[in-house]
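Enquirer: The structure that follows is given in the form of structure tokens.
The values are calculated or read from the model by the stated rules, or taken from the named source; none is laboratory data. These numbers come from a predicted model, not from an experiment. Quick reminder, even Gly has a Cβ in these numbers, built from the backbone with ideal geometry, and neighbours come from all protein chains shown.
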Amino acid sequence: MRSSALLSYPIAIVIAMFVVAGCQTNGRPNHQASGADTIYTEAAAMSIHRTEPERALVMIDSALIVGNITWQRAEYLKAVTQYGGLHNLPLSRQTCLDMIKRDEELRKSDKDARTDSVTLERTYLLLTSIEYTAANHPAIIRYATEASRLAHALDMPDEVGKMEAFIARAMAQTGRTDEGIERLRKTLADLRELNTFGGVVSYHDASKKLLHILIDHGRFSEMEQVCHDVLDRLGELEAHPDRFGDMVEGFNPAEYIDFARGQMLAFLTTAYARQVTEHKDDPTLRAKYLRQALDTEEQVFTTSWSRGIDCDKMLSAAYHHLGQFDRFEQAMQRFENTYPDTINPNYLICLEQRSEACKMQGRLAESLSYRERASVVRDSLDQRNQRDQLAELATVYHLQEERLARQQAESDARIFRLLTAAIACGLVAAIAFAIYFFYKRREIIKKNRVLAREITKGLDNTPLPHPIEAVVPRDVAVSPSMHDPTPSSAVGTGDTPAASAYSTLYQQLRNTILREQLYLDPRLDRQTLVDRFGVSKDRIGAAFAKGSPYKSLIDFLTDCRLPYAAKLLASRPDLSIADVARMSGFPSADTFGRNFKQKYALTPSQFRESGESVR
């Protein structure tokens with residue numbers, strides 16, 4: 001199973017490549033072959049996103065592949081489809097948030113990256129609508145504020161007004177009613193100045209939100225002026241459509257005007273009907289509002305909007321306040337036929353209004369029955385809401401898990417790339433170091449060969465006897481010039497009698513040591529010479545320190561032993577370095593190696609290797 005799953009990835013990639021190749025020719029869409037630009041487009045996907053959401057999602061991906069839309073637009077359209085087609089608020093919300101986050105990261109990493117500001121503003125608007133549906137008022141304010149900022153930057157005043165209406169409604173729902181109402185009134189004043197069709201639509205939407213706030217807080221008298229202002233604006237649009245720009249050519253605003261007028265008249269009817277009940281103790285005012293309510297109600301029924309269920313929903317409260325219980329019952333019956341699922345908020349409203357209507361008619365038993373049924377439905381809705389919330393939390397959790405897994409995979413891939421780069425750099429550095437090392441070694445070997453050749457030329461050509469058996473061989477012929485090279489910085493002996501005596505003693509000691517090769521004995525020291533020549537240690541030390549170019553007996557012996565050792569190194573490859581040191585009179589191999597390098601600038605091993613190369 002695992003291997004077949006892994007094999008499916010390259011197969012899918014190959015298929016996708018063929019799809020893209022089939023949709024394009026020489027980098028351009030192939031109109032005749034596939035019609036990619038007509039099949040995989042935003043318009044085609046959005047035309048079916050509510051009825052066939054799964055197919056719409058596939059079309060969006062295809063449109064992205066063939067290059068008809070940007071990735072930002074594709075993510076936004078997916079969120080719209082998930083919201084309106086699949087009715088999956090958590091998934092739609094997460095898709096929007098992921099798109100916004102990815103866009104921010106892209107702009108941070110690439111300052112030249114272009115942002116699709118229009119799509120970004122639409123995304124924040126969609127987030128606002130999602131949170132409006134979920135009644136998440138703080139989130140509404142946050143996202144609507146961001147959408148308003150973007151719309152203002154894009155010079156879209158009608159969109160700014162729409163967002164400000166969302167913010168004001170959310171403020172009223174969070175206890176800031178007066179502040180929200182004032183904000184909405186200011187927004188309506190700004191929208192009133194816009195002579196565009198979009199401005200009229202935004203003015204109508206913002207007015208509805210203000211009216212809902214007023215209804216929620218029982219401020220029915222304030223509703224009248226708001227409704228009349230909208231009706232006046234619709235009258236201007238109907239009388240002089242040519243004054244309003246941004247309408248699509250050939251578009252007839254009559255249908256929209258009929259819809260908006262019907263809504264405003266329904267709101268106005270509700271305002272009058274509620275005031276009929278409020279002024280039941282004042283016959284004059286009650287009669288006035290009753291007459292106005294009936295007049296506006298009749299005007300509602302002159303619009304085609306009145307034939308829809310939304311009209312029944314808005315006017316049902318007015319019916320029982322006006323005592324129109326027959327109409328109320330008909331509206332409730334249409335409610336039940338439209339919403340057959342009894343566990344829904346609309347049916348709950350229907351039961352509560354029926355209970356209230358029966359109570360107003362004195363049918364208390366029926367009123368109580370409707371009230372009890374409403375209580376059952378409310379409890380069921382609460383339980384379903386809890387289940388929905390748990391399901392939403394589970395969806396968000398799974399989405400979070402997927403995002404974390406994706407981030408972990410990206411992090412692992414990034415670490416792998418860094419490790420690969422580090423290993424590659426390490427290998428390059430190692431190769432470079434190796435090349436440098438061998439190059440330097442080669443240069444050193446060349447220099448050592450030259451140096452060894454020069455050292456060899458300076459050595460006495462007298463062959464050494466073979467084999468050397470004695471610790472102090474007596475039969476090795478040694479050239480005095482080889483054993484007693486006089487340093488250029490020879491110390492002068494002076495002309496005093498004492499200096500002359502030291503010089504004479506030095507010459508006697510030197511001749512004996514060289515002639516008899518006493519320097520080859522590592523045990524040779526001042527005491528040995530004292531025993532042989534019968535002079536004190538001090539005089540022997542002074543002979544070398546004051547009567548010779550050397551500072552001490554040890555310096556003289558070292559100067560004699562080193563050429564001998566060099567000759568052994570060159571002529572006896574069978575001897576080890578330790579053997580050469582011992583046979584040359586050095587007390588240890590370390591002392592030999594240190595003195596040899598100090599004199600010849602090569603170690604004994606380097607001298608031997610370089611000497612062999614020279615030969």
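Enquirer: Here are some conditions: (1) assigned to a loop (DSSP other than H, G, I, E, B); (2) under 20 Å from ASP310 (Cα atoms). GLY362 meets all but one. Which one does it not meet?
Expert: All conditions pass for GLY362, except number (2).
Enquirer: Okay, next question. Evaluate the following for ALA421: is it small (Gly, Ala, Ser) and modelled with pLDDT of 85 or more?
Expert: yes
Enquirer: Sticking with this structure for a sec: Could you tell me whether the range 82-105 includes any residue that is farther than 15 Å from GLU42 by Cα, of a type in the set (Val, Ile, Thr) and in contact with a helix residue (DSSP H, G or I) (Cβ under 6 Å, 6 or more places away or on another chain)?
Expert: Yes.
Enquirer: Return the residues of the range 127-166 that are hydrophobic (A, V, I, L, M, F, W, C) and over 17 Å from VAL201 (Cα atoms); say none if nothing qualifies.
Expert: If the condition is that a residue be hydrophobic (A, V, I, L, M, F, W, C) and over 17 Å from VAL201 (Cα atoms), then LEU127, ILE130, ALA134, ALA135, ALA139, ILE140, ILE141, ALA144, ALA147, LEU150, ALA153, LEU154 are the ones that fit.
Enquirer: Looking at the range 337-356 only, could you name the residues that are within 12 Å of SER316 (Cβ to Cβ) and either at pLDDT below 75 or of a type in the set (Gly, Ala, Ser) (or both)?
Expert: Result: ASN346, single match.
Enquirer: Next up: For the structure I just gave you, tell me whether ASP326 is of a type in the set (Asp, Glu), surrounded by 15 or more Cβ atoms within 10 Å (Cβ to Cβ), within 23 Å of LEU290 (Cα to Cα) and more than 50 Å from the chain's Cα centre (by Cα).
Expert: No.
Enquirer: Test of understanding: among TYR506, TYR564, which residue is touching a residue at least 12 places away in the same chain (Cβ under 8 Å) and within 22 Å of PHE596 (Cα to Cα)?
Expert: Sole residue among the options that is touching a residue at least 12 places away in the same chain (Cβ under 8 Å) and within 22 Å of PHE596 (Cα to Cα): TYR564.
Enquirer: Another question, if that's okay. Give the range 245-274 a look and list any residue that's modelled with pLDDT under 90, in contact with a Ser or Thr (Cβ under 6 Å, 6 or more places away or on another chain) and not charged (D, E, K, R), or say none.
Expert: Matches in the range 245-274: GLY245 only.
Enquirer: What's the number of the condition PRO283 fails, among (1) out of contact with any Ser or Thr (no Cβ under 7 Å at 6 or more places or on another chain); (2) surrounded by 15 or more Cβ atoms within 10 Å (Cβ to Cβ)?
Expert: Against the list (1) out of contact with any Ser or Thr (no Cβ under 7 Å at 6 or more places or on another chain); (2) surrounded by 15 or more Cβ atoms within 10 Å (Cβ to Cβ), PRO283 comes up short only on (2).
Enquirer: With ARG594, ARG608, ARG532 as the choices, which residue is of a type outside the set (Gly, Ala, Ser) and within 21 Å of GLU516 (Cβ to Cβ)?
Expert: Checking each option against the conditions leaves just ARG532.
Enquirer: Same structure, new question: From the list TYR564, TYR506, TYR519, TYR502, which one is out of contact with any Cys (no Cβ under 6 Å at 6 or more places or on another chain) and either within 29 Å of ASN448 (Cβ to Cβ) or assigned to a loop (DSSP other than H, G, I, E, B) (or both)?
Expert: TYR564
Enquirer: Do we have any residue at all in the range 297-315 that's out of contact with any Gly (no Cβ under 9 Å at 6 or more places or on another chain), surrounded by 15 or more Cβ atoms within 10 Å (Cβ to Cβ) and more than 29 Å from TYR256 (Cβ to Cβ)?
Expert: Checked the range 297-315: no residue is out of contact with any Gly (no Cβ under 9 Å at 6 or more places or on another chain), surrounded by 15 or more Cβ atoms within 10 Å (Cβ to Cβ) and more than 29 Å from TYR256 (Cβ to Cβ).
Enquirer: Out of (1) at pLDDT 90 or above; (2) surrounded by 16 or more Cβ atoms within 10 Å (Cβ to Cβ); (3) of a type outside the set (Val, Ile, Thr), what's the single condition that is false for GLY235?
Expert: GLY235 satisfies all of (1) at pLDDT 90 or above; (2) surrounded by 16 or more Cβ atoms within 10 Å (Cβ to Cβ); (3) of a type outside the set (Val, Ile, Thr) except (2).
Enquirer: Pick out the one residue from ARG93, ARG73, ARG114 that is surrounded by fewer than 22 Cβ atoms within 10 Å (Cβ to Cβ), free of Cβ contacts under 8 Å to residues at least 40 places away in the same chain and basic (Lys, Arg).
Expert: ARG114
Enquirer: A further question follows. Which residues, counting only those in the range 249-285, are assigned to a helix (DSSP H, G or I) and small (Gly, Ala, Ser)?
Expert: ALA254, ALA260, GLY262, ALA266, ALA271, ALA273
Enquirer: Among the listed residues ILE415, ILE435, which satisfies the condition of being assigned to a helix (DSSP H, G or I) and closer than 30 Å to LEU602 by Cα?
Expert: ILE435 is the lone residue from the list that is assigned to a helix (DSSP H, G or I) and closer than 30 Å to LEU602 by Cα.
Enquirer: Among (1) over 16 Å from THR119 (Cα atoms); (2) modelled with pLDDT of 90 or more; (3) touching a helix residue (DSSP H, G or I) at 6+ places or on another chain (Cβ under 8 Å), where does GLN72 come up short?
Expert: (1)
Enquirer: A further question on this structure: Being over 27 Å from the mean Cα position of the chain (by Cα) and among the basic types (Lys, Arg) narrows it down to one residue among LYS162, LYS108; which is it?
Expert: LYS162
Enquirer: Can you confirm whether the range 596-611 contains a residue that is of a type in the set (A, V, I, L, M) and more than 60 Å from the chain's Cα centre (by Cα)?
Expert: Scanning the range 596-611 turns up no residue that is of a type in the set (A, V, I, L, M) and more than 60 Å from the chain's Cα centre (by Cα).
Enquirer: Across the range 115-168, which residue is modelled with the lowest pLDDT among those that are out of contact with any Phe, Trp or Tyr (no Cβ under 8 Å at 6 or more places or on another chain) and among the basic types (Lys, Arg)?
Expert: Within the range 115-168, the match that is modelled with the lowest pLDDT is LYS162.
Enquirer: With the range 111-200 as the region, which helices (runs of 4 or more DSSP H) entirely inside it contain at least 3 residues that are under 15 Å from HIS212 (Cβ atoms)?
Expert: 157-173, 177-192
Enquirer: Select from the range 96-110 the residues that are at pLDDT below 90, in a helix (DSSP H, G or I) and surrounded by fewer than 13 Cβ atoms within 10 Å (Cβ to Cβ) and list them in ascending order.
Expert: GLU104, GLU105, LYS108, SER109
Enquirer: Considering only the range 167-206, how many residues are in contact (Cβ under 8 Å) with a residue 40 or more places away in the chain, farther than 26 Å from MET247 by Cα and in contact with a Ser or Thr (Cβ under 8 Å, 6 or more places away or on another chain)?
Expert: 1
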